[in-house]
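Enquirer: Starting off with a structure, shown below.
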């Protein structure tokens with residue numbers, strides 16, 4: 001669960017799948033026009049609650065400064081994200097085209 005702040009200060013929550021990049025930052029894929037991307041462009045602080053796949057049991061909460069990484073810079077990060085959460089894609093060219101068509105960005109959170 002990703003928590004950001006709306007323009008009026010209220011919290012906005014989003015269920016997300018998250019991975020870690022090579023530097024240990026949390027990476028999340030979303031579209032450029034999503035509420036979470038818009039909120040983080042305005043106020044770059046995020047809180048993330050991470051649960052295990054079974055939901056019950058251990059969980060962690062992290063927070064930190066976040067940035068929105070746009071295409072084309074985001075493309076390699078989107079590939080890294082996919083590999084972190086799902087493994088290898090059967091057609092990377094198709095994946096890259098889908099990321100462009102969907103106007104995907106990467107949210108990158110530096111854990112404080």
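Enquirer: What number of residues in segment 52-67 are assigned to a strand (DSSP E or B) and either free of Cβ contacts under 8 Å to residues at least 24 places away in the same chain or loosely packed, with under 11 Cβ neighbours inside 10 Å (or both)?
Expert: 3
Enquirer: Going through segment 82-102 one residue at a time, which ones are over 14 Å from the mean Cα position of the chain (by Cα) and under 12 Å from residue 31 (Cβ atoms)?
Expert: If the condition is that a residue be over 14 Å from the mean Cα position of the chain (by Cα) and under 12 Å from residue 31 (Cβ atoms), then 98, 100, 101, 102 are the ones that fit.
Table: residues versus (1) at pLDDT 95 or above; (2) on the phi > 0 side of the Ramachandran plot; (3) touching a helix residue (DSSP H, G or I) at 6+ places or on another chain (Cβ under 7 Å).
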site: 2; (1), (2), (3): yes, no, yes
site: 54; (1), (2), (3): no, no, no
site: 60; (1), (2), (3): no, no, no
site: 68; (1), (2), (3): yes, no, yes
site: 71; (1), (2), (3): yes, no, yes
site: 76; (1), (2), (3): yes, no, no
site: 106; (1), (2), (3): yes, no, yes
site: 112; (1), (2), (3): no, no, no
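Enquirer: I need the full set of residues from segment 71-81 which are within 13 Å of the chain's Cα centre (by Cα) and exposed (fewer than 15 other Cβ atoms within 10 Å of the Cβ), in order please.
Expert: Selection gives nothing.
Enquirer: Could you list, in sequence order, the residues of segment 19-40 that are without any contact (Cβ under 8 Å) to a residue 60 or more places away in the chain, surrounded by 15 or more Cβ atoms within 10 Å (Cβ to Cβ) and part of a helix (DSSP H, G or I)? If you could, list the steps in order and put the result at the bottom.
Expert: Taking segment 19-40 first, the residues without any contact (Cβ under 8 Å) to a residue 60 or more places away in the chain are 22-23, 34-35, 38-39.
If we keep only those that are surrounded by 15 or more Cβ atoms within 10 Å (Cβ to Cβ) too, we end up with 34, 38-39.
Within segment 19-40, 38, 39 qualify.
Enquirer: Could you list all residues from segment 3-18 that are within 11 Å of the chain's Cα centre (by Cα), in a strand (DSSP E or B) and more than 13 Å from residue 111 (Cβ to Cβ)?
Expert: 14 - this is the single residue of segment 3-18 that is within 11 Å of the chain's Cα centre (by Cα), in a strand (DSSP E or B) and more than 13 Å from residue 111 (Cβ to Cβ).
The values are calculated or read from the model by the stated rules, or taken from the named source; none is laboratory data. Note that the structure is a prediction, hence the values are computed from the model and not measured. Glycine gets a Cβ as well: all are built from the backbone with ideal geometry, and neighbour counts include every protein chain shown.
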